[in-house]
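Notes for the one structure printed next.
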Amino acid sequence: MTRHLPPSGSRRRPALRSVVAISAAAGLALIALTGCQAQAGASAPPTGSISADRALGDIMVRFTPPAVNMSEDAGRLLAGIEGPIRFVVKRPMSGGVWLVTAITPSADATLDQAVATLRAAPRIETAEPDRVIKPNRTIPTSRDMPPN
C-alpha cells in the first residue's frame, strides 16, 4: 500500500501559518501592554487629591448643634476650614463623634497643629487626637490581678 504525500511545500505552510499567528499575537499583546502603561502614567491624580498629601493622624471631632448625622454634612463643615491642613471624614463613632484624618502636602505640619486648627474652627465643639493611651505606672499585682 502506497501513501500519497502532499508536495513538500504544502506540509510547511500550516507550521509557517502558526508561527506567523503566534508572533502576530505576541506583537499585539506587546503593543496593548505598552499602551496601557503609557495611559496609566499619563493620568496624574487630580489636583488636591489625597494621594498627593501625607496623613498627620486621626482626630476625634464633635460638632456643635444642630447634630451632624451624615458624613457628607461633616465633610462640608470640615471643607470650610482654611489652611494648609485638610480634614477628611473617616467614619462616625458613638456619641456624635466623628473620626477625621488630617492630611497635608506640607512636610513640617504636625498633628498638634491640626488639632489646634480644628479647635479654632466654628461648629467644632471638641477635637482630640486619636492616640493610644497607656498607663503611666505599672498596675500592682494581687491575687485578683495576676501579672500578664
* Asked: Within the range 67-89, can one find any residue that is touching a residue at least 60 places away in the same chain (Cβ under 8 Å) and either farther than 16 Å from T110 by Cα or in contact with a strand residue (DSSP E or B) (Cβ under 7 Å, 6 or more places away or on another chain) (or both)?
  -> no
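Going through A109, A116, A127 one at a time, which residue ends up being assigned to a loop (DSSP other than H, G, I, E, B) and either modelled with pLDDT of 80 or more or under 19 Å from D53 (Cα atoms) (or both)?
Values: A116 fails: assigned to a loop (DSSP other than H, G, I, E, B); A127 fails: assigned to a loop (DSSP other than H, G, I, E, B).
On inspection, the qualifying residue turns out to be A109.
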* Return yes when L99 is modelled with pLDDT of 85 or more and touching an Asp or Glu at 6+ places or on another chain (Cβ under 8 Å) and no when it is not. => yes
* Single match in R143, R91 (criterion: of a type in the set (K, R) and within 27 Å of P65 (Cβ to Cβ)) -> R91
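The values are calculated or read from the model by the stated rules, or taken from the named source; none is laboratory data. Because the structure is a prediction, the values reported are computed rather than measured. Heads up, the Cβs are rebuilt from the backbone with ideal geometry, glycines too, and the neighbour counts pull from every protein chain shown.
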